[in-house]
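The values are calculated or read from the model by the stated rules, or taken from the named source; none is laboratory data. Note that the structure is a prediction, hence the values are computed from the model and not measured. Backbone-built Cβ (ideal geometry, glycine too); neighbour counts: all protein chains shown.
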Amino acid sequence: MTILFLDQSGELGGAELCLLDIIDHGDHRFIDTPLAHGQVALFAEGPFQERLARADIEHHLVGDLRAPRRECSVVRQRLREIIRLIRPVREVLRLAQDCELIYANTPKAMVVGAIVQRFTGLPLVYHLHDILSAQHFGQWECRLLVRLASNCATRIIANSQATQRVFTAAGGERDKTTVIYNGFLPQKFAVDVGTTIELRRKLGLHQTAAHGGNRFTIGCFSRFAPWKGQSLMLEALAELADPTIHLLLVGDALFGEGEYGLKLRRQTEALGLQSQVQFLGFREEVPQLLSVCDLIVHSPRAPEPFGRVMVEGMLAGKPVIAPEEGSAPELLRHGETGWLIPPRDAIALAQAIHQLKADPGLRQRLGQAAAADASQRFHLDYTNRQIYDLCDSLLQSPRSRPSQPRPPDPGPI
Ligand code: UDP
Ligand code: GLC
């Protein structure tokens, strides 16, 4: 099976990290095995491209589809966006000649994939990582994507039931969609005690005479974007008024939301929380950083489509607090493998933190059950097998198989 993966971003967002795990996870490579071969067409340069290079994955930069600056009217902007599609479409058409299947991993990749699909007749898989609602996209974009996906994609992989539900409620074709969760290798989250102790020391989280022990550490692992809700966590921290609590904000603005990063720093100062909050920026050593935390908080202000950070927290054996909406109720069971709270409610978040901080036994029970549950349900071997089987089934169906030259008719025997 030869697959051409398309992705619009050069950044390491969740969709790109998910794709990296699909195409390269050491011994369990999905492509470049006897089973499948693949290459990636990218529409922007950046750290994602570097990671592909490091993993020795064939990739091609086929244009730049990063949003142009908004200095003209909406009509002109749309026109420019259409013109900017020409190069990627031409390049992807060329690359598609050697492929049997196109796999679009982001919305703009889906647009390009749909055009290429019309010309080539190749099966097109759309990995839908987004909740197509007004909280995440413009009305026009939502409608276009739902239409395109329903009409042009051969199959749609939704990253959660929450994502699938919104897609079908907006008129998307349900029969084409399958839910496949992001997959992870549990062993990546086993961090040795020595590393954790050393990192705690480096971060200043070890013994403090004043508080008689390690600082109680909360971790938030999300890129900086208003809907990811780090500001809600800061509000909850102020509400708690407990100086023994330390907060690690891990992540950075990836898609032009730099203003929000500044806003978070200003909010930290305004609330007088400077001594309790550390901004660590975007880090690669997520398992190690998870290991130093006592509690993981994910507090988005809009429904999360999947939220890799919640599963990563579970795999690290940590209790995870998340809102009772979007994908979270599918990933965590309240009181068993995590802690669900009303969304967008800083007081409820503060109360949940207070309760879990006071009960180390409960935290341990939740963390252990979460790790056991997540290492089965979200195991990469399992999710990659589902993706592989889905792609494979498309190649076997005569309708979606690319037309092959037929062998000559031997005539009557
Ligand atoms: N992440 C990371 N370094 C950071 C912060 C986050 O590698 O400093 C990773 C995190 O471990 C997770 C991904 O970025 O795998 C974020 O994915 P998620 O699905 O949670 O959210 P997205 O940002 O894609 O909406
Ligand atoms: C997108 C979504 C995030 C999801 C990731 C991987 O970035 O915003 O919720 O975890 O894709 O599917």
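What residue, among those in region 289-311 that are within 14 Å of LEU366 (Cα to Cα) and either among the basic types (Lys, Arg) or outside any loop (DSSP other than H, G, I, E, B) (or both), is farthest from ligand 1 (Cβ to nearest atom)?
LEU295
Would you check if there is a residue in region 191-199 being modelled with pLDDT under 95 and surrounded by 16 or more Cβ atoms within 10 Å (Cβ to Cβ)?
no
For residues that are more than 9 Å from ligand 1 (Cβ to nearest atom) and not in a loop (DSSP other than H, G, I, E, B), scanning just region 312-322, find the one that is nearest to the chain's Cα centre (by Cα).
GLY313
Enumerate the pairs (first residue in region 194-219 and among the charged types (D, E, K, R); second residue anywhere and modelled with pLDDT of 95 or more and in a strand (DSSP E or B)) with beta-carbon separation below 9 Å, excluding pairs fewer than 6 apart on the same chain, so at least 6 apart or on different chains.
The qualifying pairs are ARG200/THR217; ARG215/ILE245; ARG215/HIS246.
Taking only pairs six or more apart or across chains, which ones have beta-carbon atoms under 9 Å, a first residue in region 1-26 that is at pLDDT below 90 and part of a loop (DSSP other than H, G, I, E, B), and a second residue that is more than 16 Å from ligand 1 (Cβ to nearest atom) and small (Gly, Ala, Ser)?
MET1/ALA36; MET1/GLY38
TRP227 is checked against (1) within 16 Å of ligand 2 (Cβ to nearest atom); (2) closer than 17 Å to GLN288 by Cα and fails just one. What number does that condition carry?
Checking TRP227 against (1) within 16 Å of ligand 2 (Cβ to nearest atom); (2) closer than 17 Å to GLN288 by Cα, the one that fails is (2).
Taking LEU362 and the conditions (1) in contact (Cβ under 8 Å) with a residue 40 or more places away in the chain; (2) out of contact with any helix residue (DSSP H, G or I) (no Cβ under 7 Å at 6 or more places or on another chain); (3) surrounded by fewer than 17 Cβ atoms within 10 Å (Cβ to Cβ), which numbered condition does it fall short on, given that it satisfies the others?
Unmet for LEU362, out of (1) in contact (Cβ under 8 Å) with a residue 40 or more places away in the chain; (2) out of contact with any helix residue (DSSP H, G or I) (no Cβ under 7 Å at 6 or more places or on another chain); (3) surrounded by fewer than 17 Cβ atoms within 10 Å (Cβ to Cβ): (2).
Within region 127-164, can you find the residues that are closer than 16 Å to PHE5 by Cα and either in contact with a Cys (Cβ under 8 Å, 6 or more places away or on another chain) or free of Cβ contacts under 8 Å to residues at least 12 places away in the same chain (or both)?
Answer for region 127-164, where residues must be closer than 16 Å to PHE5 by Cα and either in contact with a Cys (Cβ under 8 Å, 6 or more places away or on another chain) or free of Cβ contacts under 8 Å to residues at least 12 places away in the same chain (or both): HIS127, HIS129.
Would you call ILE83 over 16 Å from SER9 (Cβ atoms) and within 16 Å of ligand 1 (Cβ to nearest atom)?
It is false that ILE83 is over 16 Å from SER9 (Cβ atoms) and within 16 Å of ligand 1 (Cβ to nearest atom).
Quick check on LEU340: is it crowded, with 16+ Cβ neighbours inside 10 Å and not in a helix (DSSP H, G or I)?
Criteria met by LEU340.
So, of the residues in region 343-359 that are in contact (Cβ under 8 Å) with a residue 40 or more places away in the chain and surrounded by 20 or more Cβ atoms within 10 Å (Cβ to Cβ), which turns out to be farthest from PRO303 (Cα to Cα)?
It comes out as LEU356.
So is GLU239 surrounded by fewer than 16 Cβ atoms within 10 Å (Cβ to Cβ) and not small (Gly, Ala, Ser) or not?
No.
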